[in-house]
Each structure stands twice: as C-alpha cells, then as structure tokens.
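**Q** Here it is, the structure in full.
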Amino acid sequence: MRCKRCGYDLRDLGEHRCPECGRPFDPQRPRTWLSKPVSGRKSLLLAIVGAVLFVIPLALALAEDVGVDFMSRLPTAVRVPVYLLCAALMITAMTIQTNVLRTGTLVLLDRHPWVTDRRTFYASVPISVAVLGYFIGTLLLRVFS
Ligand SMILES: [Zn+2]
C-alpha cells in the first residue's frame, strides 16, 4: 500500500494522510492508493507484447486485402481454429493495451505519480495509443466503406 503521489509506504499509519506529501487516502478504497509501484519496464514490455499480438491477425487480414487469399485454400478444419486463435489474440492484445492506457491515464491525471523508470513507462503509452488507434481506424474503415 503506497501513496499514489509520492510512493511513500502507507502501512501501519495512524491517520489516513501521507506523512510525506499530505495526500489523503482511504484504506477501504484501493483506488486511493497503489498496491505496488507502477513499473515502467513492465508497462513497456506489455505494450510491445500487445502490439506483437495484433500483428498476426492484421497480417492475415492485409494479405486478404492485397489478394493473397491463402486462408480460403486451407481446409475448414484448419481455418476455423486459425480464426479462433486470431480472435483470441486480438482480444488479448486489446485487453493489454486498454490496461496500459488505463494506468497511463491514471498516472497522467495524478501530477506526481510514483512510477519506476518513468521514461520507459511513457514510451508504453504512445505504443498503446498507436496500436489501438490503428486497429479501431482499420475497423471503422471496413465498416463504413
Ligand atoms: Zn505521498
């Protein structure tokens, strides 16, 4: 349990206010404190893993767009699991990027958050925005064209 602003350890305190920076917190409400410091490296790694998970289904969709339609030549017994795997990859990738963006928004809203390795953390946010933006943009283009 750590202060959301400065990272001070808030356990076993008499009053519900950070002695270091004065930020109030409520032990009953986990939203008012951090369970552990936000790791910049872990966030960046997650954003990259999410981006890579997007690549496989996108590559298949793009191959179809340019006429390399090898998927339709595959037997149904192979094609169905491949589609299901692609859907699972997309959902996993979206969950990862949404989580990175959610943490990013929380951190950016709070002015002095406690992030270990801040530069790598900030690198993870544009990756998530770009990947999610590209995916949603592609989706919208397909729906409205
Ligand atoms: Zn504090």
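**Q** Which members of the stretch 33-55 meet the condition of being within 16 Å of the ligand (Cβ to nearest atom) and buried (at least 16 other Cβ atoms within 10 Å of the Cβ)?
**A** Passing the criteria: W33, L34, V38.
**Q** Let me ask something else. Just to verify a result, which residue in the stretch 124-138, among those that are crowded, with 16+ Cβ neighbours inside 10 Å and touching a Leu at 6+ places or on another chain (Cβ under 8 Å), is nearest to T105 (Cα to Cα)?
**A** Checked the stretch 124-138; the qualifying residue nearest to T105 (Cα to Cα) is V125.
**Q** Here is a list: V131, V115. Which entry is assigned by TED's automatic domain parsing to the domain that holds L53 and closer than 13 Å to V38 by Cα?
**A** Working: V131 fails: closer than 13 Å to V38 by Cα.
Within the list V131, V115, the selection yields V115.
**Q** So, in the stretch 1-32, how many residues would count as being in a helix (DSSP H, G or I), surrounded by 10 or more Cβ atoms within 10 Å (Cβ to Cβ) and away from the ligand (no atom under 13 Å from the Cβ)? Give the derivation first.
**A** Let us first name the residues in the stretch 1-32 that are in a helix (DSSP H, G or I), namely 30-32.
Checking which are surrounded by 10 or more Cβ atoms within 10 Å (Cβ to Cβ) leaves us with 30, 32.
Applying the additional criterion that residues be away from the ligand (no atom under 13 Å from the Cβ) yields 30.
Adding up the residues that qualify gives 1.
Residues are listed down the side, and each one gets a yes or a no for (1) in contact with a helix residue (DSSP H, G or I) (Cβ under 9 Å, 6 or more places away or on another chain); (2) in a helix (DSSP H, G or I):
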| position | (1), (2) |
| --- | --- |
| R79 | yes, yes |
| I91 | no, yes |
| T95 | yes, yes |
| N99 | yes, yes |
| Y122 | yes, yes |
| I127 | yes, yes |
| L141 | no, yes |
| S145 | no, no |
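The values are calculated or read from the model by the stated rules, or taken from the named source; none is laboratory data. These numbers come from a predicted model, not from an experiment. Quick reminder, even Gly has a Cβ in these numbers, built from the backbone with ideal geometry, and neighbours come from all protein chains shown.
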